[in-house]
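One structure is given here, and the rest of the page talks about it.
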Amino acid sequence: MKIVVVGTGYVGLVSGVCFSDFGHEVICVDMNADKIATLRQGEVPIFEPNLDSLMRTNMEAGRLSFSTDLKAALQEVDAVFIAVGTPARRGDGHADLQFVFAAAEEIARALTGYAVVVTKSTVPVGTNRQIADIMARAVPELDFDVCSNPEFLREGAAIEDFMRPDRVVIGVESERAAEVMDAIYQPLSLRDYPVVKTDLETAELIKYAANAFLATKITFINEMAMLCEKVGGDIQQVAKGMGLDGRIGDKFLHAGPGYGGSCFPKDTLALARIGQDHSSPMRIVETVIDVNDRVKARMIDKILELCDDDLKGKRIAIFGVTFKPNTDDMREAPSLTIVPALIGRGAEVRVVDPQGQAEGEALLPRVEWMENPYEAAEGADAIVVLTEWNEFRGLNLRRLSKAMRSARMADLRNVYSRRDVLKAGFERYAPVGIARDKSGVAPKP
């Protein structure tokens, strides 16, 4: 099959590379000439494990190329995937579809024959029918079908997710388009990965429902963690006890500083707005959004308590600022709320992150970037573990405590155990979801 992918952001680039690895001929198109030039040199502008090597392999095999010329790319194409951004719109939280609609009209004017126009971008219910209307108005005689094919890629594990998916969702309403999509995903269906075929609206909803449910699961365990701290429970044991129930499962039951990233924040907000627009309020989702904000605020309070409610002149070492490990993505990361709050209360903040500095320098302008955790901890009054990179899981805790001015740790990912931290010379330890008398931080008088 010949495939064109419009947009070389996270979803577009990963999808294009993986489709080419299936054996298809893929052209990834983007208006950003600098980005296309970088990609043509075999350099990946984002951090995603193994993406660079897989991209270069398929470029060398002649299956993958990059272009700024959409009209030329769309000659004799079988399918064109729209993979442009749909950020939350300022003011009302709705998904901003201007880039999707602009791409649809441009595609309509550039197509020379039948093709399936596939939406990979996360879009509200009804968007694919709007795309069809826009294209039909632009070129009334155009022969095409639209398809909804939402992505379910975890940053840091996107290649694995694409090649070994839990499911492939295809919203399609013509046999002709279904045949094209079957051919594109044949390498997966031949290995019995589930392919869910449905109508356009249902496919659009599956994506939002899945992300909202996962965000709800994260938020529930974070709210339980706050209760554990009040009543003397241990959230790690609570999560283990819950997760052993097969109906619940243990994934996404890890207490922390709240969800972030490119999907959960904007998709929960968009789903809440969709419900409001259709007089079917999504009360659970609305509450999830509110609680997630409160969780981040609680993390700030936890750090304040660890430092005796006074951050003026204190040096705080932050371990990790990306929203999760194995990515350089800073979008809606808890660090963007927590770090400025610490600085605003007079703290001097040092940051170390294996991949976050390139994006983080602009987003966190008043921090000092360090090369490694031990350098960041030198003379610090507290360490805050904010992202659970593997590089932070096996640190020499005694070396850290000896380097600090005041050996205290806020472990917002529960990477370490109370016993190990205190044994290494830390005087205070504040994890998430464990009462103070169990965590090494003495209760206030």
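A few comments on the model shown:
- Selection from the stretch 319-344 of residues that are in contact with a helix residue (DSSP H, G or I) (Cβ under 9 Å, 6 or more places away or on another chain), assigned to a loop (DSSP other than H, G, I, E, B), open to solvent by 20 Å² or more (accessible area, probe 1.4 Å) and under 24 Å from Ala255 (Cβ atoms): Phe323, Pro325, Asn326, Arg331, Glu332
- Val351 vs. criteria touching a residue at least 60 places away in the same chain (Cβ under 8 Å), open to solvent by less than 10 Å² (accessible area, probe 1.4 Å) and either outside any helix (DSSP H, G or I) or touching a Gly at 6+ places or on another chain (Cβ under 7 Å) (or both): no
- Taken residue by residue, the stretch 305-315 has at least one member that is assigned to a helix (DSSP H, G or I), within 26 Å of Ala435 (Cα to Cα), open to solvent by less than 10 Å² (accessible area, probe 1.4 Å) and touching a strand residue (DSSP E or B) at 6+ places or on another chain (Cβ under 9 Å).
- Subset of the stretch 240-279 that is of a type in the set (Asp, Glu) and closer than 19 Å to Asp96 by Cβ - its residue that is surrounded by the most Cβ atoms within 10 Å (Cβ to Cβ): Asp267
- The single condition among (1) in a helix (DSSP H, G or I); (2) hydrophobic (A, V, I, L, M, F, W, C); (3) touching a helix residue (DSSP H, G or I) at 6+ places or on another chain (Cβ under 6 Å) that Ala132 does not meet is (3).
- Output for the stretch 241-289, where each listed residue is closer than 28 Å to Tyr416 by Cα, without any contact (Cβ under 8 Å) to a residue 12 or more places away in the chain, in contact with a helix residue (DSSP H, G or I) (Cβ under 9 Å, 6 or more places away or on another chain) and small (Gly, Ala, Ser): Gly249
- The stretch 56-97, subset among the small types (Gly, Ala, Ser) and under 16 Å from Asp30 (Cβ atoms), residue surrounded by the fewest Cβ atoms within 10 Å (Cβ to Cβ): Ala72
- Exclusive hit being open to solvent by 30 Å² or more (accessible area, probe 1.4 Å), outside any strand (DSSP E or B) and either among the aromatic types (Phe, Trp, Tyr) or farther than 21 Å from Ile131 by Cβ (or both), set Glu179, Glu223, Glu173: Glu223
- Within the stretch 236-261, the set of residues being hydrophobic (A, V, I, L, M, F, W, C) and over 17 Å from Glu388 (Cα atoms) comprises Val238, Ala239, Met242, Leu244, Ile248.
- 3 or more residues in contact (Cβ under 8 Å) with a residue 40 or more places away in the chain: qualifying strands (runs of 3 or more DSSP E) within the stretch 6-112: 64-67, 79-82
- Condition check for Val116 on (1) under 30 Å from Glu332 (Cα atoms); (2) in contact (Cβ under 8 Å) with a residue 60 or more places away in the chain; (3) outside any loop (DSSP other than H, G, I, E, B): one failure, at (1).
- Taking the stretch 405-417 as the range and being buried (at least 17 other Cβ atoms within 10 Å of the Cβ), in a loop (DSSP other than H, G, I, E, B) and among the small types (Gly, Ala, Ser) as the test, the residues that pass are Ser406, Ala407.
- Restricting attention to the stretch 143-164, the residues that are under 23 Å from Glu105 (Cβ atoms) and part of a loop (DSSP other than H, G, I, E, B) total 4.
- Test: residue in the stretch 366-386 that is outside any helix (DSSP H, G or I), surrounded by 21 or more Cβ atoms within 10 Å (Cβ to Cβ), under 15 Å from the mean Cα position of the chain (by Cα) and of a type outside the set (Asp, Glu): no
- In this structure, Lys402 does not qualify as part of a helix (DSSP H, G or I) and either open to solvent by less than 10 Å² (accessible area, probe 1.4 Å) or at pLDDT below 95 (or both).
The values are calculated or read from the model by the stated rules, or taken from the named source; none is laboratory data. Quick caveat: nothing in here was measured; it's all calculated off a predicted structure. Neighbour counts run over all protein chains shown; Cβ positions are idealised from the backbone, glycine included. These area figures cover heavy atoms from the full protein model, side chains too; ligands, DNA and RNA do not enter into them. Shrake-Rupley method; radii C 1.70, N 1.55, O 1.52, S 1.80 Å.
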